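A quick write-up on the structure given underneath.
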Amino acid sequence: MKFLAFFILLSTSKTINAQITEDSPNKYRFKYKSETYKGTRMQITDKLRAQKNDSKFSNIPDEIEEELHTLFIATKKQPIPKHYKKNAIIFLNALYSYEDFANVYENALYEVVKKVKKDMYVVDFKFERQFTKAKVVLDRALNEDLSNIEKFDQLKKELVDAQTKLSCHRWMKKKFEKYRDIDIVKNPDELMKAFKKSEAVYVYRLYNENSIEAIKPYLENQIIDFYYKKSLPEINPEILDLQYITKI
């Protein structure tokens, strides 16, 4: 389990936040941050389960969810009060460490979405110009000399590539135009939800390694590649709306 060692180490450094006392062999009482956990083992276990199943943790990637579940089960099975409470604190540290990460992740992702959206407007003319230039060059070659098959094939490939790139860019641009505030990462559509979940484990690793500055550049590269690949089955490169050049 990749994150278990990290969770245990983290819990050791945070136990000062939890005050543990015992009322009786069958009732436990301890404080974690500002919340008091008091009652029987079953009652506290039910409370821990409810926290684990809270909606704010509903999109945790499977790999991390498995680690949290392992820590929860380890707590649930402890029959000795002091061991139960120690494991409960380890579990809570891991759970709320993920919540802290989620805030960092969502803020970074939203900053990336805003940057990509802005960049798409900037490069829109560039991609259209590349397409029109490739078409003009190919048309000129067709009118001049058809004997150089290798050159003709290369020019045709360059046109198809430029046409596909422009079509994908326009598809992506329309998607990002709808992303107007941070709600797109907190309550994502299907595309953003899939992307967010697919990158969470790797970004979590960067976060745990204190490589916070690497998160945004990584997400920017990944999100462009992700949306580009998603656009390919959806586009029709033969249908293009030229917005800057009306005649080629």
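The values are calculated or read from the model by the stated rules, or taken from the named source; none is laboratory data. The structure presented is a predicted model; accordingly, all values stated were derived computationally and were not measured. Quick reminder, even Gly has a Cβ in these numbers, built from the backbone with ideal geometry, and neighbours come from all protein chains shown. Just the protein is used for accessible areas: all its heavy atoms, side chains included, with ligands, DNA and RNA removed. Shrake-Rupley method; radii C 1.70, N 1.55, O 1.52, S 1.80 Å.
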For this session: Please go through the stretch 183-248 and write out the trypsin sites (Lys or Arg not before Pro) that DSSP classes as loop and that have at most 16 other C-beta atoms within 10 Å.
Result: LYS247
Exercise. Dipole of the stretch 182-237 (Lys/Arg Cβ +1, Asp/Glu Cβ -1, origin at the Cα centre): which of PHE195, TYR228, ILE182 lies farthest to the positive side?
Worked result: PHE195
For this session: Among the listed pairs LYS27/LYS86; LYS114/LYS196; LYS56/LYS115, give every one whose C-alpha distance is greater than 20 Å.
Result: LYS56/LYS115
For this session: Run the 1.4 Å probe and let me know the accessible area of THR75, rounded to the nearest 10 Å².
Result: 0 Å²
Exercise. In the chain, which longest range has no GluC sites (Glu not before Pro) that are both DSSP loop (not H, G, I, E or B) and surrounded by at most 16 other Cβ atoms within 10 Å?
Worked result: 1-208
Exercise. In deg cm²/dmol and to the nearest 500, what is the mean residue ellipticity at 222 nm of the chain if only DSSP H runs of at least 4 residues count, each as -39500 (n - 2.57), divided by the residue total?
Worked result: -24000 deg cm²/dmol
Seminar exercise, completed: For the stretch 23-70, listing trypsin sites (Lys or Arg not before Pro) in a DSSP loop whose Cβ sees at most 13 other Cβ atoms within 10 Å gives LYS33
Exercise. Normalised by the residues of the chain, what does the relative contact order come to in percent, with Cα pairs under 8 Å and at least six apart?
Worked result: 20 percent
Exercise. Can you list the aspartates and glutamates whose alpha carbon sits under 16 Å from that of LYS186, skipping same-chain ones fewer than 8 residues off?
Worked result: ASP54, GLU99, ASP100, GLU106, GLU111, GLU199
Problem set entry | Solvent-accessible ranking of ASP189, ASP46, largest area first, probe 1.4 Å | ASP46, ASP189
Problem set entry | Violating pairs (Cα-Cα greater than 28 angstrom) within the set LYS52/LYS173; LYS156/LYS197; LYS165/LYS197; LYS82/LYS197 | LYS52/LYS173; LYS156/LYS197; LYS82/LYS197
